[in-house]
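First comes the structure, then the notes that go with it.
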Amino acid sequence: VELSLLRFLSAELTRGYFLEHNEAKYTERRERVYTCMRIPRELEKLMVFGIFLCLDAFLYVFTLLPLRVFLALFRLFTLPCYGLRDRRLLQPAQVCDILKGVILVICYFMMHYVDYSMMYHLIRGQSVIKLYIIYNMLEVADRLFSSFGQDILDALYWTATEPKERKRAHIGVIPHFFMAVLYVFLHAILIMVQATTLNVAFNSHNKSLLTIMMSNNFVEIKGSVFKKFEKNNLFQMSNSDIKERFTNYVLLLIVCLRNMEQFSWNPDHLWVLFPDVCMVIASETAVDIVKHAFITKFNDITADVYSEYRASLAFDLVSSRQKNAYTDYSDSVARRMGFIPLPLAVLLIRVVTSSIKVQGILSYACVILFYLGLISLKVLNSIVLLGKSCQYVKEAKMEEKLFNPPPASAPGKPPNKSQNKCKPSQEENLSASVTSQPVHPKENVIPLLVASSSDQFLTTPDGDEKDITQESSELKHRSSKKDLLEVDRFTICGNRID
């Protein structure tokens, strides 16, 4: 056949092809599109649930913690009246509550020596580029403080409540206490500088600093989208995004309080701040959606993984209500998400007390009513979260793990097999278990060191490795949900991010 330009054009115009010859490829492409369309809905469901979990832990500091400290002090002062029935003067939970309350009070009075107005004018006098660099450094410092801060607090709690029969292997409660006070104070100052920088950005005339700070969120997409992620790594990132979004909400609240105070609480000025607040929140939400959508696309992760993440967070809440619970829920949130409520609570109390002047009987009555309203909000939020958490745990079929005792072993010794045989009956209802109080240990039994499951490292097996035996393949198949329960915010997974 002779080649000609006309024949070539005719072949190009009439050339055909059949997509069904590669049906699997195009079906996969269509499923990726559907997955990206599902990501915003599934991600926001996880974000909303996680934000309310952070809110529950944050409100606990203002509402139930003062009441628990009062009850612990009342028990301590009235102890001679009814005799010493137990070997402990106070229960471990009461000791931790008193320590939290004392740290909160001490840091609150220490914050009075930090001048917010001087800090505001000092930051306002800096150039835009310098403030942008400062804000990025503050974000990095906040993550470093959070990663080490909960370890300091956990070390203090364990040192104060460790059984006396154990050999002394620590520097003492008082040094740990001073370390915790110093950490909370420094972290509160760091968050104050963040809030002040954000306040300067809101009050700048050309809004250039606010625009640059918002564009910093989009730089986060470049730093994370084109990296390899496993399910554990994505879980860590999701928890970090939840903590970051809730912290931004509190910082925006602080900025609004400071601005409203400067304008004598004129409600018209609130509508001036409202567009900027909405712009910051919208940019943060858009960045999270785009980031997670492309991460799941490039790493072939389905949108159903966010329901597993939600079930893991719900498991933490439900397990903290068990009678064999080994940690407080606020501490569990701190380990899982990196959100430590104490420094943020100290700063918010400092800002509220300096912005709002309470004078007269009517003002004190309003404060009492506001406190009762906070308690009502905390109780309502806890009840709704507990109900939703039980539902998520049942949907994920994780009820059996709730009735298993926490892993306990002596330091340097493997756990005893006989302890695993002692399990409660399955007839025990879930709702009754989550409302039970801890059972006091017997005096003749030496307490064992409780190891938190979130502190253990369990790597996700690579998909390229071949299974040697059928038993190992079954363990690998069941390891996905188990891994999520053992991954906290700062765990270094075996499959590291490149």
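List of remarks:
- Here the simple spin-label model places points 7 Å from the Cα toward Cβ, and for residue 151 and residue 381 these points are separated by 2.9 nm.
- Loop-resident trypsin sites (Lys or Arg not before Pro) (DSSP state other than H, G, I, E or B) in the range 115-175 with no more than 15 further Cβ atoms inside 10 Å of their Cβ: 164, 166, 167, 168.
- Here is the list for the range 1-63: trypsin sites (Lys or Arg not before Pro) lying in DSSP coil, each with at most 16 other C-beta atoms within 10 angstrom of its C-beta, are 15.
- Three-way shape label, the range 224-354, alpha-carbon gyration tensor, a/c 1.5: oblate
- Extension reserve of the residue 17-residue 359 stretch, reckoned as 0.36 nm per residue once the Cα distance is removed: 114.9 nm
- Extension gain from residue 307 to residue 186, taking 0.36 nm per residue of separation minus the Cα-Cα distance: 39.9 nm
- Difference of contour (0.36 nm per residue) and Cα-Cα distance, residue 71 to residue 266: 66.1 nm
- The chymotrypsin sites (Phe, Trp or Tyr not before Pro) of the range 252-355 meeting both criteria, a DSSP state outside H, G, I, E and B (loop) and at most 16 other C-beta atoms within 10 angstrom of the site's C-beta, are 263, 265.
- The range 280-309 residues near the modelled residue 41 label - backbone nitrogen below 15 Å, point 7 Å along Cα→Cβ: 303-307
- Pairs over the 18 Å Cα-Cα cut-off, from the set 100/323; 323/397; 222/297; 227/297: 100/323; 323/397.
- Efficiency of FRET between residue 105 and residue 388 - r from beta-carbon atoms, R0 25 angstrom, step 0.05: 0.15
- Computed label-point distance, nm, for sites residue 115 and residue 129 using a 7 Å Cα→Cβ extension: 3.0
- Accessible surface of the range 296-352 [probe 1.4 Å, protein heavy atoms]: carbon and sulfur percent: 49
- On the range 141-293, 70 percent of the accessible area sits on carbon and sulfur atoms, based on a 1.4 Å probe.
- Global geometry of the range 102-224, whether rounded, prolate or oblate, following the gyration tensor of its Cα atoms and the 1.5 cut on a/c: oblate
- With the simple spin-label model, which puts each label point 7 Å out from Cα in the Cβ direction, the residue 225 to residue 282 separation comes to 2.0 nm.
- The residues of the range 261-342 have, on average, 40 Å² of accessible surface per residue, using a 1.4 Å probe with all protein chains present.
The values are calculated or read from the model by the stated rules, or taken from the named source; none is laboratory data. No experiment lies behind these values; they were computed from the predicted model shown. Every residue, glycine among them, receives a Cβ derived from its backbone with ideal geometry; neighbour counts consider all protein chains shown. When the accessible area is computed, the model is the full protein with side chains, heavy atoms only, and any ligands, DNA or RNA have been set aside. Shrake-Rupley method; radii C 1.70, N 1.55, O 1.52, S 1.80 Å.
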